[in-house]
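No lab work stands behind these numbers, since they all come straight from the coordinates. Since the structure is predicted, the reported quantities are computational estimates derived from the model, not experimental observations. Here the Cβ positions follow ideal geometry from the backbone for every residue, glycine too, while neighbour counts run over all protein chains shown.
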Amino acid sequence: MITVKNYQKETKNIDFKSLPEALQSGHKNFNTMVEHYDSNAKIKEVLDNYIEKLNQSIICDSTEEKPKKKTTSSTKKG
């Protein structure tokens with residue numbers, strides 16, 4: 001799970017171009033905003049919301065990429 005503290009490490013392999021525009025924008029502005037994270041309540045709220053949406057997006061993407069189990073239909077008798 002991505003947090004403000006581990007953001008740089010956890011996001012280095014994410015292809016932000018494949019994510020929604022709002023998340024791309026959040027990524028572009030993260031470094032500037034994080035400098036004020038502890039001193040500005042509005043910036044803290046914005047970054048917390050951004051990271052929550054980013055985590056949700058990554059979780060959704062990873063569950064969609066997993067191959068679905070194929071169910072075998074039972075053979076008909078008769």
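Among the listed pairs Lys5/Lys44; Lys9/Lys42; Lys5/Lys42, those whose Cα-Cα separation exceeds 20 Å are Lys9/Lys42.
Please report the net charge: other residues with Cβ closer than 15 Å to the Cβ of Glu35, K and R +1, D and E -1.
Cβ neighbours under 15 Å give a net charge of +3.
Compute the distance from the alpha-carbon center of the stretch 25-41 to that of the stretch 7-23, in whole Å. Here the answer is 15 Å between Cα centres.
Working from Cα pairs under 8 Å separated by at least six residues, relative contact order for the stretch 14-65 is 28 percent.
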